[in-house]
Every structure is written in structure tokens, then in C-alpha cells.
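Report on the following structure.
The values are calculated or read from the model by the stated rules, or taken from the named source; none is laboratory data. In this text, all values refer to a predicted model and were calculated from it rather than measured experimentally. So basically every Cβ, Gly included, is an ideal-geometry build from the backbone, and we count neighbours across all protein chains shown. Only protein heavy atoms, including side chains, enter the accessible area calculation; ligands, DNA and RNA are left aside. Shrake-Rupley method; radii C 1.70, N 1.55, O 1.52, S 1.80 Å.
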Amino acid sequence: MARFGTSSRLLVSVLCFGAAASPPVARAQNLRDRIGDLFIFGPGQQPLFLAGSGDPNNPASLQAHGLHFIPSSNAENGALIAFITDALGTSIGSIPIGSTSGGETFRFEGGVPILTSTSSGPIFAERAQTLGRGRVLAGISRTGFRFATLRGVDMGDINLVFTHQNVDFPGCDAQFGGDCTLYGIPRLENDAMDFHLSMDLDVRVTSMYVTYGVTNRFDFSVVVPIVQAEFRGESDAQIRPFGGDSAVHYFSGTPSNPVLTAHRQSLGSSSGLGDVALRLKVNLRDTPDASFALLADGRFPTGSEEDLLGAGKFSGRALMIINSKFGDFSPHLNAGYLYHAAKQQNDAVLGTVGFDQRLADPVTLAVDLVTELQVGDSKLPLPGLVSYDVPFRRTLNPTNIPQMRDDVINGSFGFKLSPARKTTIVLNTLFPLNRGGLRPNIVYTGAIEYTF
């Protein structure tokens, strides 16, 4: 009972430290709004509203053209903006969490601890061995990365094309001399807005975690992340008129002297509690040749979705863990399923294969292939090609972001160092091996753990 009391106090201390370490989040710092600002060209207006052609001093027939690009008028434009914003938001909530059962593992026989591991274990995989009854692992890690690509497109070079609403109203056919159900009649529907987007999102995560060996075969863990996110973005927009002596759509000016370009900048940052994770691991079999375990964990929506500190919805995974050892070489396999409650995120089939190798008494090498394979069609759909009927048939691609699956395949390479008994230092890099989804070029992780 004394051991349980000690670990309980430690867990409370870590949670309190997490709350104290989290700076207050200023409500003005809403990073989702900062992203949306890149699509707004006038104060207090909707995304893609054209203040020039929507000026209340214009004739009513011209004022209406300030509305024909906004997302509520054109579903394709709304889909493009939602895709960008949701891709950033959902990726923050999927920040990888490393193993919380590192260091030495034991089982107790007749009150005597028996070592069940030769290395310090994997980093971004799980092993079947548990800590041992009454043992505690406490750690703190720091992870840093910058999102670099979205489906392989550089985050500094995203091109979008926003198209005009297909206008139709009573008397439209007579007024414009054609069938207004066709896209391109009136002729002004051929106007388009070219849009170049450059974004930086830097993320730093400090995670505090505790694992407690409830029994020789059952571990319980809690992970408390503190997330810091910094956003910087720029956008350049240009109206591309299809023809005529005067402009129908413009950002400012007049039809005869229009301003057809606009530039926006947006900056913002936020920090605070991320999505807290709870883990349960049950060892079902542990022999010198092979070990087998099941793990279940859940991430709870404790981080602010609006400030990009969390996913906003619960996610959970179930894993089967198999590992073996051949002297100092310990291969392992994790396979399972990831469930997302968020409507914008797909479930995934999980697979991790790799090994950890004790190179010397204080040094363990850990190498893994980490995969998340998307289930079903993407819940972040892009609009398809836009087809014009008049004055001639043609198609327009609304973005240089490709239609593709958002499978995630990463490589993990790192070391665990044990400079002193019961203390482990973790150094790791995680890097993409494909370009599905929103991805950094490299994720750096450093941690220190103590087992007692």
C-alpha cells in the first residue's frame, strides 16, 4: 500500500505541474480565426467578399457581385477553405506520443524481482513487458516540429483558384441571351480568383507522463501534454477577369479603374493543455522467447480545438503487441486500430515493426517503421475539376493539392542512454517516408525518465 500511495502522490504532482506549466491562453489568440483571416479582404467581412464590387455605394446590380465568391454562395470555395483549416487543426491532435514503458522491466517471483528485458526498449513502439507490480516510471519529453508539406505540396507554395457562383434567377435567360443554368452564362461567371498561400505552423509539445505497475502484468499510464503553437501566414489574391472593358469583380477602386490584387498577412500563437491520454497495458504471455500483450489508450479532448491545441474530439486505439529477444536484439511488432470521433478525421489501421538493440550496457538503439493507413475515403475532401460550358467547354483545377489518400508512413531512429541507474535519456527523430496528409520534414524528441 505504501508503494501505491507514493505513486498516487507522484501522479497528482505531475498533473498539478502540467496545469501550472500551462500559460493562460488569451482568448484573442484563436488560431483557426488567424488562418481564416488569410481569406478576408476587408474588416468584418466574410471570406472572399470583394469590398470593391460589394460597396454599398454601387448600384444594387453591381453590389451583388461582391457576394458571388463567398463560400455560402459557392460550395467549392467553402470546401477549399475548410480543407486547409481542418487539415491544420486535426494534425495538431494527432501528435505522436512515444512509449511510456521504457527502462528496465521486471516481474516478481516470491518477492524477488526478475529482470524481463535486456535493452531499454523501443521509443515510438510498445513492448509487451510491463514494469512489474508497484514500480513507477515517470518522465518528461519535449517534441518539436514544423509542418512542411500538405499532401506533398510545400506549405509555402499552395495555389488555389476560387470560382464564381453559377448565377440563375427569374428573367436571367432573357437578360443575358442564353440558358443561365449553363456555367458561363452570364459571361462574368468565367471570372476567377487566383490565390497563393504560404503558411508556417511551428509546434512544441512538453509531455509529462507516469506509468504505474498495478500488477506484474498490468500497467496504467497517463500522459499530460502542454502544447505551444505559432502560426504565420501570407496570402496573395488576384482577380482574373474573363473579358470586357470594365471589371465586374474587384477588391477596391471602380469598374473602370479596379484594384484586382490583394495581400494579407496573419500571425498568431497559443499555448496550453493538449489532449490528455490514458493507457492500459495487459501482458498476456511473457517467456524468454516471446511476449504478447494488449494495449488500449484514449486521447480526451482537453485541448482547445479553436486554438489548435487539440483535436476537439476523443480518439482511441487498441494494439496487439508481440516482441521477442535474441540476446541483446529485441524485435517487435505492434498492430491495431485507431478510432477518431472527429468528423474530419478518418480511422486508421496501425502497424509498427522494428527492433531495439542494446549496443552497450548504457546504450540502446531503437529503429521502427510506423504506419497509419487510412480507412475509407478521406473526410477532408477537395472539390473536383470545375467545368465551364460557355463560351467554350473547358475545365479548371481549383488547387495544386492532389486528391490522394492520407496514409502516414514514418521512420523512427533514436537512442536510449542510461547515464545512471534507474535513469534513461531518450533522443529520437521521426521522419516521413511518404507525403500523405499534413507532415513535418522531421520531428525531434528528447526525454528523461526515472524508474523506481
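Of everything listed in (1) among the charged types (D, E, K, R); (2) over 16 Å from the mean Cα position of the chain (by Cα); (3) open to solvent by less than 60 Å² (accessible area, probe 1.4 Å), the single unmet condition for Asp347 is (2). Please specify each residue of region 320-331 satisfying the condition of being surrounded by 22 or more Cβ atoms within 10 Å (Cβ to Cβ) and modelled with pLDDT of 95 or more. Hit for region 320-331 is Ile321, nothing else.
State whether the residues of region 187-198 include one that is touching a residue at least 24 places away in the same chain (Cβ under 8 Å), crowded, with 21+ Cβ neighbours inside 10 Å and closer than 25 Å to Leu309 by Cβ. Yes: one or more hits. Considering only residues that are within 17 Å of Phe39 (Cβ to Cβ) and either β-branched (Val, Ile, Thr) or in contact with a helix residue (DSSP H, G or I) (Cβ under 7 Å, 6 or more places away or on another chain) (or both), which ones fall in region 220-257? Hits for region 220-257 are Phe231, Gly233, Ile239, His249. Considered as a group, the residues in region 253-277 that are more than 22 Å from the chain's Cα centre (by Cα), at pLDDT below 95 and among the small types (Gly, Ala, Ser) include one that is least open to solvent (accessible area, probe 1.4 Å), and that residue is Gly253.
Quick one: in region 371-405, of everything that is of a type in the set (Ser, Thr, Tyr) and exposed (fewer than 12 other Cβ atoms within 10 Å of the Cβ), which residue is nearest to Ala75 (Cα to Cα)? Out of the qualifying residues, it is Ser387.
Does region 132-146 include one or more residues that are touching a residue at least 60 places away in the same chain (Cβ under 8 Å), farther than 30 Å from Arg421 by Cα, open to solvent by 10 Å² or more (accessible area, probe 1.4 Å) and not hydroxyl-bearing (Ser, Thr, Tyr)? Yes, that holds for at least one residue. Listed by position, the helices (runs of 4 or more DSSP H) enclosed by region 27-101 that each have at least 1 residues that are at negative phi, surrounded by fewer than 17 Cβ atoms within 10 Å (Cβ to Cβ) and within 26 Å of the chain's Cα centre (by Cα) are 31-37, 75-92. Within region 154-184, the set of residues being part of a strand (DSSP E or B) and crowded, with 18+ Cβ neighbours inside 10 Å comprises Ile158, Leu160, Val161, Phe162, Thr163.
Could you tell me whether region 306-326 includes any residue that is closer than 30 Å to Arg232 by Cα, among the polar types (S, T, N, Q) and more than 15 Å from the chain's Cα centre (by Cα)? No; the residues of region 306-326 include none that is closer than 30 Å to Arg232 by Cα, among the polar types (S, T, N, Q) and more than 15 Å from the chain's Cα centre (by Cα). Listed by first and then second residue, the pairs linking a residue in region 434-446 that is surrounded by 15 or more Cβ atoms within 10 Å (Cβ to Cβ) to a residue that is of a type in the set (Gly, Ala, Ser) and not in a strand (DSSP E or B), with Cβ atoms under 6 Å apart and 6 or more places separating them unless they lie on different chains, are Arg435/Gly152; Leu438/Ala87; Leu438/Ser91. Applying the condition of being hydrophobic (A, V, I, L, M, F, W, C) and modelled with pLDDT of 95 or more to region 371-385 and asking which residue is farthest from the chain's Cα centre (by Cα) yields Val375.
Only one residue in Leu284, Leu280 is of a type outside the set (S, T, N, Q), within 21 Å of Tyr209 (Cβ to Cβ), at pLDDT 95 or above and surrounded by fewer than 22 Cβ atoms within 10 Å (Cβ to Cβ), so which one is that?
Leu280 is the lone residue from the list that is of a type outside the set (S, T, N, Q), within 21 Å of Tyr209 (Cβ to Cβ), at pLDDT 95 or above and surrounded by fewer than 22 Cβ atoms within 10 Å (Cβ to Cβ).
For region 414-433, residues that are within 18 Å of Thr206 (Cβ to Cβ) and free of Cβ contacts under 8 Å to residues at least 12 places away in the same chain total 0.
Take the residues in region 397-441 that are assigned to a strand (DSSP E or B) and in contact with an Asp or Glu (Cβ under 6 Å, 6 or more places away or on another chain); name whichever of them is farthest from Phe83 (Cα to Cα).
Thr424
Taking each residue of region 49-70 that is under 17 Å from His164 (Cβ atoms) and looking for partners that are open to solvent by 10 Å² or more (accessible area, probe 1.4 Å) and of a type in the set (Asp, Glu) with beta-carbon atoms closer than 8 Å, six or more apart or interchain, yields Gln63/Asp55; Gly66/Asp55.
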